[in-house]
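There's a structure below that I have some questions on.
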Amino acid sequence: MDDYLIGVLSNIGVISFVALSAYLLLLTGEISFGQQGFFAIGAYAAGIATALWGWSLTTALVWGAAVSGSAALLVGVPTLRLHGLYFAIATLAFAEMVRILFELFRYQISIDGELIGPNGTDGFRNIRYIFDHNIDAFQFLLLIYSLLAATMLAFMLLERSRLGVIFRMIGQDETLAELQGIPVARYRVLAAGIAGMLAGIGGGLYAHLTTYVEPRIFDIMLGVHSLAYGLIGGLGTALGPLLGVLIDIGLLESIRALAGYRMIIFGGLVAMLLIVRPRGLLDEVVVHKIGRGWRRVALWVRRSGLKPRANNARATGGPP
Amino acid sequence: MIDLIQNTVDGVMIGSSYGLLALGFTLIFGVMRRLDLAYGPSIMIGGYFGTLLYLHYGAGPFAVAIAVVIGAVIAGIYVERLCFAPMKAGAAIASMVSSFAIWMQLEQAAILVLPRHTYPFPPLATAAPLEFGPFLVRVDHLIMLACALALAAAVHIALYRTRFGLALRAIIGNPVAAHLVGINVRTAVLLAFAGASAVGGAAGFLVLAVDQQVTPMFGMWATLKGLIAMMIGGLGSVPGAVVGGLLLGIVEANSQWYFGPQIRDLVAYVVLFAFLVVRPQGLLGSAPEPAMPPKA
């Protein structure tokens, strides 16, 4: 694969984590403008862990996810009783606070006669783990996509689990969920924490992919983009946000002939798409239809005896 | 003490423009029950109209002001037609994301027309600052404050003393009921959107004329300042928007003076976050209802 393609694919993979993070909150009915804050926390925490403390990449990524997840839990509690626009603005305010705090954050250590570490607005250079350990771009791409695949698998399991049903139920009607005996507050904080962790993993990968982070990257633009990805791709399945990222970065950013007009085309397309499909390309209805079609095919295959199966009792099971 | 008073006076002046921005924002939100993220960028389009007129024809402040307002209204109507009018009821998030997409579009369009980072904007007044004892007051700041208060009063009168205002308040209260008593909701909403954009355009002109420059970043700046002031003052409240803007201006001016620009921005967000957590209805708003229904 050529380097440019690897670069674009790595970018898509990393940004997908923030998009999935915003998507998870959308499932529970909340709009967050602030997932870029947890992305930033994950990036700085993981970067500091490898570049300054000499930790391994795996521990650093786990550490980044843990720090951003805990931050998300801490923010989740006071914003619990906020909804809709109020929640969206509160998360935006939090993420902007994080960004400005990183502009003020200086923590540098001299390593081999060179000052390394976050240096305010100048950013955090030389997160060189993947060079120092001879990990090439393609191997790192594989790492990103295996983590993404694991996350997607978790989302698929979530959609079929009780927890997934509870999340969607809270998203549809919080009062009804509460009346059904679901401790809504606890689940909302849980969702916020998981979403923060996801963004943090993405941030850790991002820091090591680009070897350089600065606070300016984590502005409101990134936050609203990651929210928009889920809505463009569709709210019916976790593949939706991925599709959104793919359309934006994969299709438009990569076609260099469009440079300069990218946003005009993208903006217009998104606006028109949302008129026709207000819950995105892969919304719940489409996902349901695909699932039904898939089950019919599976049934037909079984009936025509092409692929006999012992366990016919589960014939109706399929993607919801 | 002298510093504190001087900063507070400056803050009131700057804050009056925040208040105007918040006023347009709160009108749109009140009528739509949806957030228009492209509000600031449409004002920026107006600013670019004005700058073009100034650069190519040497237009004076008055002509530029009219151009800014007209530009903002045209962009605002474009946003309303594309992001709000065709959306089904209940698709509040779709409207918001759609307005964000149009924000990107407007910003890119502005950069394509005038590609440099900053362009000059005609000043409001170049007279020396007035002295009141130890305090200095810029003349253009005074004009800004006067215009802002006059416009806020005009909006208040339009809302509470005219038939159109009555119709708008009926729509804000209950769009379906308003429709049933014979109000043409779609037209009234479009007019309200245009009016709010005009108020925003006026605010944009005042800010740009005081700064004497326009950049593509102005759109984001206007959206954020308007949003913060609106939330602090209380969502949907006309006097709240003005008070919220003034408070934001005072807080910013003082924290800038004592701690520098980064802490100024940080303090603004801390105040916003604290208000949302402790008193979501803001200073003068009514208790929050679920502003956007949870169903997207």
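Right, A:T121: β-branched (V, I, T), facing another protein chain (nearest Cβ under 10 Å) and in a loop (DSSP other than H, G, I, E, B) or not?
Here the answer is no, as A:T121 does not meet what is asked.
What helices (runs of 4 or more DSSP H) lie completely within region A:196-292 and have 2 or more residues being under 18 Å from the mean Cα position of the chain (by Cα)?
In region A:196-292, A:220-233, A:239-245 are the helices (runs of 4 or more DSSP H) which contain 2 or more residues that are under 18 Å from the mean Cα position of the chain (by Cα).
Next question, about the same structure. Within region B:146-167, which residues are more than 18 Å from the chain's Cα centre (by Cα) and not in a loop (DSSP other than H, G, I, E, B)?
Of everything in region B:146-167, those that are more than 18 Å from the chain's Cα centre (by Cα) and not in a loop (DSSP other than H, G, I, E, B) turn out to be B:I157, B:Y160, B:R161, B:R163, B:F164, B:G165, B:L166, B:A167.
Next up: Right, B:T26: surrounded by 24 or more Cβ atoms within 10 Å (Cβ to Cβ), within 14 Å of chain A (Cβ to nearest Cβ) and of a type outside the set (D, E) or not?
Here the answer is yes, as B:T26 does meet what is asked.
Per-residue answers, yes or no, for (1) more than 30 Å from A:V287 (Cβ to Cβ); (2) in contact (Cβ under 8 Å) with a residue 40 or more places away in the chain; (3) in the same structural domain as A:P118 (by TED's automatic domain parsing); (4) charged (D, E, K, R):
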| site | (1), (2), (3), (4) |
| --- | --- |
| A:T211 | yes, yes, yes, no |
| A:L222 | no, yes, yes, no |
| A:G233 | no, yes, no, no |
| A:T237 | no, yes, no, no |
| A:I247 | no, no, no, no |
| A:L251 | no, no, no, no |
| A:A257 | yes, no, no, no |
| A:G267 | no, no, no, no |
| A:A271 | no, no, no, no |
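If you take the residues in region A:182-191 that are in contact (Cβ under 8 Å) with a residue 60 or more places away in the chain and hydrophobic (A, V, I, L, M, F, W, C), which one is surrounded by the most Cβ atoms within 10 Å (Cβ to Cβ)?
Of everything passing the filter in region A:182-191, A:A191 is surrounded by the most Cβ atoms within 10 Å (Cβ to Cβ).
Yes or no: A:A40 small (G, A, S) and out of contact with any Leu (no Cβ under 7 Å at 6 or more places or on another chain)?
Yes.
With respect to A:F131, determine if the residue is more than 27 Å from A:S21 (Cα to Cα) and either within 13 Å of chain B (Cβ to nearest Cβ) or part of a helix (DSSP H, G or I) (or both).
For A:F131, the condition - more than 27 Å from A:S21 (Cα to Cα) and either within 13 Å of chain B (Cβ to nearest Cβ) or part of a helix (DSSP H, G or I) (or both) - is met.
May I ask you to list the residues in region A:101-118 that are in contact (Cβ under 8 Å) with a residue 12 or more places away in the chain, closer than 30 Å to B:A268 by Cα and not in a helix (DSSP H, G or I)?
A:F105, A:R106, A:Y107, A:G117, A:P118
Those residues that are closer than 19 Å to B:G240 by Cα and of a type in the set (A, V, I, L, M), I need them from region B:1-30; list them, please.
Those that are closer than 19 Å to B:G240 by Cα and of a type in the set (A, V, I, L, M): B:V12, B:M13, B:I14, B:L20, B:L21, B:A22, B:L23, B:L27, B:I28.
Taking interchain pairs and intrachain pairs at least six residues apart, which have beta carbon atoms under 7 angstrom, with the first residue in region B:169-182 and on the phi > 0 side of the Ramachandran plot and modelled with pLDDT of 90 or more and the second surrounded by 17 or more Cβ atoms within 10 Å (Cβ to Cβ) and of a type in the set (V, I, T)?
none
A follow-up question, please. Test each condition in (1) in contact with a helix residue (DSSP H, G or I) (Cβ under 9 Å, 6 or more places away or on another chain); (2) within 14 Å of chain B (Cβ to nearest Cβ) for A:Q172 and report the one that comes out false.
Of the numbered conditions (1) in contact with a helix residue (DSSP H, G or I) (Cβ under 9 Å, 6 or more places away or on another chain); (2) within 14 Å of chain B (Cβ to nearest Cβ), the odd one out for A:Q172 is (1).
For A:G236, only one of the following conditions fails: (1) buried (at least 20 other Cβ atoms within 10 Å of the Cβ); (2) at pLDDT 90 or above. What is its number?
(2)
Can I ask one more? Taking region B:219-265 as the region of interest, how many residues are basic (K, R) and at the interface with chain A (Cβ under 10 Å from one of its Cβ atoms)?
1
Given the structure, is B:T223 of a type in the set (S, T, Y) and buried (at least 24 other Cβ atoms within 10 Å of the Cβ)?
yes
While we're looking at this one, here's another question. Looking at (1) within 14 Å of chain A (Cβ to nearest Cβ); (2) in contact with a Gly (Cβ under 9 Å, 6 or more places away or on another chain); (3) at pLDDT 90 or above, can you tell me which one B:F84 breaks?
Unmet for B:F84, out of (1) within 14 Å of chain A (Cβ to nearest Cβ); (2) in contact with a Gly (Cβ under 9 Å, 6 or more places away or on another chain); (3) at pLDDT 90 or above: (2).
What is the one condition in (1) assigned to a helix (DSSP H, G or I); (2) in contact with a Pro (Cβ under 9 Å, 6 or more places away or on another chain) that A:A185 does not satisfy?
(2)
If you don't mind, there's one more thing I want to ask. Please go through region A:151-181 and give me each residue that is part of a helix (DSSP H, G or I), among the polar types (S, T, N, Q) and without any contact (Cβ under 8 Å) to a residue 40 or more places away in the chain, ordered by number.
A:T175
Quick check on region A:41-84: of everything there that is touching a Lys or Arg at 6+ places or on another chain (Cβ under 9 Å) and more than 14 Å from every other protein chain (Cβ to nearest Cβ), which residue is nearest to A:V189 (Cα to Cα)?
Applying the filter and picking the extreme gives A:T50.
The values are calculated or read from the model by the stated rules, or taken from the named source; none is laboratory data. Note that the coordinates shown come from a computational prediction; the quantities given were computed from them, not determined experimentally. All Cβ positions, glycine included, derive from the backbone under ideal geometry; neighbour counts span all protein chains shown.
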